[in-house]
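Chemist: Structure provided below as structure tokens; questions to follow.
The values are calculated or read from the model by the stated rules, or taken from the named source; none is laboratory data. Because the structure is a prediction, the values reported are computed rather than measured. Here Cβ is always computed from backbone atoms with ideal geometry, including for glycine, and neighbour counts include all displayed protein chains. Heads up: the accessible areas ignore ligands, DNA and RNA and are worked out on the full protein's heavy atoms, side chains in. Shrake-Rupley method; radii C 1.70, N 1.55, O 1.52, S 1.80 Å.
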Amino acid sequence: MTGKLKAYRPYYLSSLALAGPVVISQLGHTLVHTADSVIVGHFAGTVPLAAVSLVHSVFMIVMVIGLGIAYGITPLIAQANGKKEYDECGVLLSNSLVINMLSGLLLFCIVYFGSMAAIDHLDQDPEVVREAKPYLFILSLSMFPLMIFSAFKQFAEGLGFTKQAMNITIWGNVLNVLLAILFVKGMFGLPAMGVRGVGYSTLIDRCLMALIMGWYVFRSVNFKRYLPRFKPFRVDRQRCKAILGIGAPVAMQYVFEIGAFAGAAVIAGTLGAHIQAAHQVAITLAAMTYMMASGIAAAATIKTGNSFGQRNFFRLKRYAVSSYHIVLAFMGITALLFALLNQWLPWIFTRDLMVIGIAAELLIIAGLFQLFDGTQVVGLGILRGIGDVNIPTLITFIAYWIVGLPGAYLLGITMGWGIKGIWFGLTLGLLTSSALLYLRYRRVVAGLYRESR
């Protein structure tokens, strides 16, 4: 066993070197919402915190659609780079930027014309809905700059340059926290904005991140050889089709998973504001570890995509297996931390003792599904690198909408287990996704080996 692990050591080190900055960048998306929850929970109260939970459950669906579409360029860039088709990378960036900008505008319209009206019909506390609406509108405005940032970020990461996006994300989150406190509390002569304040801070943060990430890509010597054929607003039907051929299924994978969790948040909201706030606390902590695992998955996509482009299937398999090992070790540690610190972690978000007590119980369950959450997202990452996205999309639909969300409603509402039952249903969905995606990975890799003989 020791000898086998030793053989994987170079792959662990290479994957971790690439994954580290991606983990921090991925975590940045969640840390924005985590900071919102912490600041609102401490400075505005329980009802505004429940409003944040409701908005995030709705907005996250829209956001992950955008992030999934933006992700479509990453495996294509990794594969083209593996084939030494450097000019192709610049053409892909041109088309990705156009797709992302149009997607940002479309997603804003979906929120403005759809979600703002639908939020009235989710059987939520009227006070929570009143607080949530202006926050949802402001947050939806940030989709356009977020999509521009993502186009440049996924381009750079597909080529293995991950540190700059990490640095921009870190400083962006620092700025977001400072502005959020300033706006929510109303300091230095500004009026106290409450929940709207965290919306404005996020919008400003994402605009600056888009500008800086674009400036980095065009000014850095690292990308000179990739950009000769880049042209603003250049549209090529075949390239757009290729990007959307990966990005659209990835977006649907995100929608099926995050949509199920958003549905669970809405179901939790029917049980009362305190339970909804506790759900927000626990799910925010779980989302942080998930986004870190998704960083490991993103590194797996890049490594397997590059290996696939070079037709080096032995190396592809080694990177895939090492990614599974890394995520199991990481999620095992976070599961242990959730179990040991379940009474203390909720204090980060709120001082409401009822909310803290419920959230502490949920963190024990969260510790259980950490392993399934990590292995399923890595399975998706590996398959994306190979270009296999359609069957995994079907798997995520079955896992979350046939098993997970109905299971959450059955256990939580029909059988009367309450919020714990909702979380056990979600855990069952994650287990289903993890197992089916692993079987799919084994089958696809076996097929690649047969083709190469």
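Chemist: Figure the gain on full extension for Lys231 and Phe314 (residue separation times 0.36 nm, minus the Cα-Cα span) and round it to one decimal in nm.
Modeler: On the way: separation 83, 0.36 × 83 = 29.88 nm, distance 3.69 nm.
Result for the pair: 26.2 nm of gain on full extension.
Chemist: Right, something else. Extension gain Lys6-Leu211, at 0.36 nm per residue separation less the Cα-Cα distance, in nm?
Modeler: 69.5 nm
Chemist: Go through segment 63-75 residue by residue and turn each phi into a ³J(HN,Hα) via Karplus (6.51, -1.76, 1.60, θ = phi - 60°); whole Hz please, and just put x for glycine and proline.
Modeler: Calculated HN-Hα couplings, in order: 4, 6, 4, x, 5, x, 4, 4, 5, x, 7, 4, x Hz.
Chemist: Could you tell me what percent of the accessible area of the chain is made up of carbon and sulfur, with a 1.4 Å probe and every protein chain present? Provide the component values of the computation, followed by the final result.
Modeler: Numbers: 12240 of 17990 Å².
Here it works out to 68 percent.
Chemist: Please give the helix 313-340 orientation as an angle from the longest Cα principal axis of the chain, in degrees from 0 to 90, rounded to the nearest 10.
Modeler: The angle comes out near 20 degrees.
Chemist: Can you work out D for segment 198-266 in µm² s⁻¹ from Stokes-Einstein, where Rh is the Kirkwood radius over C-alpha pairs, the temperature is 37 °C and the viscosity is 0.692 mPa s?
Modeler: Values: Rh = 15.7 Å.
Result for D is 209 µm²/s.
Chemist: Roughly speaking, what is the centre-to-centre gap between segment 422-438 and segment 256-278 when only Cα atoms are used, to the nearest Å?
Modeler: 17 Å
Chemist: From the Cα trace of segment 178-307, what convex hull volume per residue do you get, rounded to a whole Å³? Provide the component values of the computation, followed by the final result.
Modeler: On the way: hull volume 24.9 nm³, N = 130.
Spelled out: Cα convex hull of segment 178-307, divided by residues, is 192 Å³.
Chemist: What per residue convex hull volume, in Å³, comes out for segment 280-402 when only alpha-carbon positions are used? Before the final figure, lay out each step's value.
Modeler: Numbers: hull volume 11.3 nm³, N = 123.
It comes to 92 Å³ per residue, whole-number rounded.
Chemist: May I ask which residue of Phe397, Gly379, Gly367 lies farthest towards the positive end of the charge dipole of segment 295-401, with charges of +1 (Lys, Arg) and -1 (Asp, Glu) on Cβ and the Cα centre as origin?
Modeler: With unit charges placed on the Cβ atoms, the residue in question is Gly379.
Chemist: Ala339 to Arg130: FRET efficiency via 1/(1 + (r/R0)^6), r the Cβ-Cβ distance, R0 41 Å, to the nearest 0.05? Mind dumping the intermediate values first?
Modeler: Working: r = 37 Å, r/R0 = 0.90.
E(calc), rounded to 0.05, equals 0.65.
Chemist: Just the accessible area per residue of the chain, please: how many Å² with a 1.4 Å probe? Please list the in-between numbers first.
Modeler: Values: 17990 Å² over 453 residues.
So the chain comes to 40 Å² accessible per residue, rounded to a whole number.
Chemist: Assigning unit charges at the beta carbon (Lys, Arg +1; Asp, Glu -1) and nothing else, what dipole magnitude in debye, to the nearest 20, does the chain show about its Cα centre?
Modeler: Details: 34 positive and 18 negative charges, 454 e Å.
With Lys and Arg at +1 and Asp and Glu at -1, about 2180 debye.
Chemist: In 5 Å bins starting at 0, how do the alpha-carbon pair distances of segment 123-175 split up by percent?
Modeler: The calculated distribution, bin by bin, is 4, 16, 16, 17, 14, 10, 10, 8, 4, 1.
Chemist: Viscosity 0.890 mPa s, temperature 25 °C: give me the Stokes-Einstein translational D for the chain in µm²/s, with Rh taken as the Kirkwood radius over C-alpha pairs.
Modeler: On the way: Rh = 22.1 Å.
It comes out at roughly 111 µm²/s.
Chemist: Which is farthest toward the positive dipole end of the chain among Ser103, Thr289, Cys240, measuring Cα position about the Cα centre, with Cβ charges +1 (Lys, Arg) and -1 (Asp, Glu)?
Modeler: It is Cys240.
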